[in-house]
Amino acid sequence: MQYTRESALERLLKNYEPYYDIHMMINGDQSPITARCDFFEHSGQYVISKKAELWSAENEEFLYLLNIPHLTEKCRNEECISVFRSFKSYRSGELVRREEKECMGNTLYIGSLQSEVYFCIYEKDYEQYKKHDIPIADAEVKNRFEIRLKNERAFYAIRDLLEHDNPERTAFQIINRYVRFVDRDDTKPRSDWRINEEWAWFMGEHRGSLKLTTKPEPYSFERTLHWLSHQVAPTLKLALRLDKMNHTQIVHDIITHARLTEKHEKILKQQAAAANEVVL
């Protein structure tokens with residue numbers, strides 16, 4: 001059976017209806033979220049009368065169906081306020097068969113794929129269709145939002161996760177730190193554009209933000225010498241030997257004509273002041 005995006009979504013929501021209250025977004029095609037699914041459950045135990053309650057528990061679950069094509073459009077329209085400076089969008093025809101190309105899978109990367117942190121948002125149902133031949137409408141997971149981290153960024157995320165033992169808290173605080181979607185308002189500066197209502201629902205209220213880095217260390221000349229020793233010295237030594245072999249003075253001329261910046265002059269003054277304090 002051939003599915004369009006609309007028919008696949010309709011079948012998916014029908015599967016959710018017995019368990020969730022379905023809320024379709026107004027102008028769903030023009031919203032970052034297509035639908036919101038709410039689940040509420042109250043459990044408890046009592047003796048003889050409900051007034052003699054031994055225990056009770058409330059369970060709430062919210063499921064959001066992200067509209068990845070619209071998120072991509074908001075990125076193109078500069079309605080994505082982010083620490084990141086770039087985004088990439090792909091619509092892969094390899095994820096579906098030829099007769100279903102009108103319903104190809106979408107992937108949105110926010111941030112550089114070479115950086116230590118970036119987001120990948122993609123339509124998981126199409127991936128499952130390609131890998132396991134699962135019909136798009138029968139996929140258990142429709143979309144996937146991945147936070148991809150490495151090196152120092154991954155370390156601080158894991159540290160927060162271990163400290164609070166709450167993956168939802170860690171994940172959403174990372175998202176909240178690096179990106180938010182807003183609605184364009186040309187009467188105001190971009191920084192004052194109002195957060196998109198559906199995106200605010202997705203993020204939830206009173207979210208903090210998790211910065212995955214430390215404060216930059218103050219400058220020290222020892223760090224410069226370390227860099228010079230490990231990164232520059234071998235090449236410099238080679239250049240000096242070539243000068244000697246060829247009876248040239250290229251390295252000497254390069255150093256002679258190099259200009260010190262204002263930052264370099266400031267470092268010289270700081271080092272001179274420190275030396276005077278030692279002498280005194």
Return yes or no: is Thr187 within 17 Å of Phe84 (Cα to Cα) and exposed (fewer than 15 other Cβ atoms within 10 Å of the Cβ)? no
Within the stretch 110-117, identify whether any single residue is in contact with a Gly (Cβ under 7 Å, 6 or more places away or on another chain) and acidic (Asp, Glu), and answer yes or no. no
Close pairs from the stretch 251-264: first in the same structural domain as Arg241 (by TED's automatic domain parsing) and surrounded by 10 or more Cβ atoms within 10 Å (Cβ to Cβ), partner part of a helix (DSSP H, G or I) and at pLDDT below 90, Cβ under 8 Å, at least 6 apart: Leu260/Leu268
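Any residue at all in the stretch 202-209 that is acidic (Asp, Glu) and either touching a Lys or Arg at 6+ places or on another chain (Cβ under 6 Å) or surrounded by 10 or more Cβ atoms within 10 Å (Cβ to Cβ) (or both)?
The answer is no, given that none of the residues of the stretch 202-209 is acidic (Asp, Glu) and either touching a Lys or Arg at 6+ places or on another chain (Cβ under 6 Å) or surrounded by 10 or more Cβ atoms within 10 Å (Cβ to Cβ) (or both).
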Looking at the structure I just gave you, is Glu152 among the charged types (D, E, K, R), in the same structural domain as Val83 (by TED's automatic domain parsing) and not in a helix (DSSP H, G or I)? no
Check on Ala239, modelled with pLDDT of 90 or more, small (Gly, Ala, Ser) and surrounded by 11 or more Cβ atoms within 10 Å (Cβ to Cβ): yes
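Name the residue, out of Asp160, Asp183, that is modelled with pLDDT of 90 or more, of a type outside the set (Phe, Trp, Tyr) and closer than 25 Å to Asn106 by Cβ.
Going through Asp160, Asp183 in turn, just one is modelled with pLDDT of 90 or more, of a type outside the set (Phe, Trp, Tyr) and closer than 25 Å to Asn106 by Cβ: Asp183.
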Of Arg97, Arg36, which residue is within 23 Å of Ile195 (Cα to Cα) and at pLDDT below 60? Arg36
Per the filter on the stretch 151-182, residues of a type in the set (Lys, Arg) and under 24 Å from Ile81 (Cβ atoms) are Arg153, Arg169, Arg177, Arg180
Using the structure shown, decide if Ile158 is surrounded by 15 or more Cβ atoms within 10 Å (Cβ to Cβ) and either under 17 Å from the mean Cα position of the chain (by Cα) or part of a strand (DSSP E or B) (or both). no
Within 23 Å of the chain's Cα centre (by Cα) and at pLDDT below 70: is that true of Ser92 in this structure? yes
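One line per residue, one yes/no per condition, for (1) part of a helix (DSSP H, G or I); (2) modelled with pLDDT of 90 or more:
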{"position": "Ile121", "(1), (2)": "no, no"}
{"position": "Asp125", "(1), (2)": "yes, no"}
{"position": "Lys131", "(1), (2)": "yes, no"}
{"position": "Val141", "(1), (2)": "no, no"}
{"position": "Ile147", "(1), (2)": "no, yes"}
{"position": "Glu168", "(1), (2)": "yes, no"}
{"position": "Ala171", "(1), (2)": "yes, yes"}
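The values are calculated or read from the model by the stated rules, or taken from the named source; none is laboratory data. Quick caveat: nothing in here was measured; it's all calculated off a predicted structure. Don't worry about glycine lacking a Cβ; one is built from the backbone with ideal geometry, like all the others, and counts go over all protein chains shown.
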